[in-house]
1. Just give me the residues in the stretch 182-214 being small (Gly, Ala, Ser) and part of a strand (DSSP E or B), in sequence order.
2. Looking at Glu67, Glu52, Glu71, can you tell me which residue is charged (D, E, K, R), farther than 28 Å from Tyr200 by Cα and either surrounded by fewer than 24 Cβ atoms within 10 Å (Cβ to Cβ) or in contact (Cβ under 8 Å) with a residue 12 or more places away in the chain (or both)?
3. Quick test of your reading of the structure: Val137 fulfils all but one of (1) surrounded by fewer than 19 Cβ atoms within 10 Å (Cβ to Cβ); (2) at negative phi. Name the failing condition by number.
4. Out of everything in the stretch 171-213 that is among the polar types (S, T, N, Q) and more than 25 Å from Asp44 (Cβ to Cβ), what residue ends up being modelled with the lowest pLDDT?
5. Assess whether Leu120 counts as being surrounded by 21 or more Cβ atoms within 10 Å (Cβ to Cβ), within 19 Å of Thr103 (Cα to Cα), in contact with a strand residue (DSSP E or B) (Cβ under 9 Å, 6 or more places away or on another chain) and of a type in the set (A, V, I, L, M, F, W, C).
6. Find the residue count for the stretch 179-209, including only residues that are surrounded by 15 or more Cβ atoms within 10 Å (Cβ to Cβ) and either of a type in the set (Phe, Trp, Tyr) or within 24 Å of Lys54 (Cα to Cα) (or both).
7. Do you know which residues across the stretch 153-178 are more than 22 Å from Val109 (Cα to Cα) and in contact (Cβ under 8 Å) with a residue 40 or more places away in the chain?
8. Are any residues in the stretch 83-101 among the charged types (D, E, K, R) and within 12 Å of Ala60 (Cα to Cα), and if so, which ones?
Amino acid sequence: MQEFRLHDYERLYSLAGLYERIVHERLECRSPQVIAALLAEAVDAVGWRRAEVKVIDLAAGNGVSGEALREKGLLPVLGTDIVPAARTAALRDRPGVYCNYLTLDLLDVSDQRRQAIRALGARALCCVAPVGHGPQVPPPVLVAGAELLGPDALVAHMHDPAIDPEDPVTAQLWAEHGWSATELARRRYVHRQTVTGRPYEMDGVVWRLRRRAV
């Protein structure tokens, strides 16, 4: 019998269906569907057509989050993850969910690649992973992802109140990087069950960002 750690993504992604069986079936993870729904509701609220909203899926893993975006009528044009095995798993398990999938460190992207991603015309960023301190997606990575979007954009992400009682992603953070930010949604929900069967809660958050004129 093999033992797998929950965040040992290289090993979990190596076997088709294993991540889903552990995280989504046994632990009842709901975040891909919840975050996709929040983003879709925000798209409706600002008056955009879902079918025309191109999305960059940050920390896309094996494509479960991209699949949830498509189910909500959005268009995930790009999946990205820093773990090479994630791209392999997404292309194996969910071919066609993304128009493209890149293994990227968003804090170390060449100018040529950055320009190519911006040329996709994405208007939204989705991060189905908690953003914050410690073993989370660092806030600068979320900001770097937003920099790949158009001047009027939506960003959906997760916040773990157990690790960061105060969400480090704030209007002030966005302002420091040239954005005028409005929080459109913040919803507490059960992300999944812990391995001991207790509910593990997260906040789903959606921002509308408008680039300030210089």
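The values are calculated or read from the model by the stated rules, or taken from the named source; none is laboratory data. Bear in mind the structure is a predicted one, so any value in this text is a computation, not a measurement. Here Cβ is always computed from backbone atoms with ideal geometry, including for glycine, and neighbour counts include all displayed protein chains.
1. First pass over the stretch 182-214, keeping only residues small (Gly, Ala, Ser): 185, 197, 204, 213.
Once the filter is applied, which keeps residues that are small (Gly, Ala, Ser) and part of a strand (DSSP E or B), the stretch 182-214 yields Ala185, Gly204.
2. Details: Glu67 fails: farther than 28 Å from Tyr200 by Cα; Glu71 fails: farther than 28 Å from Tyr200 by Cα.
Of Glu67, Glu52, Glu71, the one residue that is charged (D, E, K, R), farther than 28 Å from Tyr200 by Cα and either surrounded by fewer than 24 Cβ atoms within 10 Å (Cβ to Cβ) or in contact (Cβ under 8 Å) with a residue 12 or more places away in the chain (or both) is Glu52.
3. (1)
4. Here is the first cut: in the stretch 171-213, the residues among the polar types (S, T, N, Q) are 172, 180, 182, 193-194, 196.
Still in the list and also more than 25 Å from Asp44 (Cβ to Cβ): 172, 193-194, 196.
Numbers: Gln172: 98, Gln193: 77, Thr194: 81, Thr196: 80.
Taking the candidates together, the pick is Gln193.
5. Values: surrounded by 21 or more Cβ atoms within 10 Å (Cβ to Cβ): no; within 19 Å of Thr103 (Cα to Cα): yes; in contact with a strand residue (DSSP E or B) (Cβ under 9 Å, 6 or more places away or on another chain): yes; of a type in the set (A, V, I, L, M, F, W, C): yes.
When the stated conditions are applied, Leu120 does not pass them.
6. Summing the residues that are surrounded by 15 or more Cβ atoms within 10 Å (Cβ to Cβ) and either of a type in the set (Phe, Trp, Tyr) or within 24 Å of Lys54 (Cα to Cα) (or both) in the stretch 179-209 gives 13.
7. Those that are more than 22 Å from Val109 (Cα to Cα) and in contact (Cβ under 8 Å) with a residue 40 or more places away in the chain: Met158, His159, Asp160, Pro161.
8. To start, the set of residues in the stretch 83-101 that are among the charged types (D, E, K, R) comprises 87, 92-94.
Those that are among the charged types (D, E, K, R) and within 12 Å of Ala60 (Cα to Cα): Arg87, Arg94.
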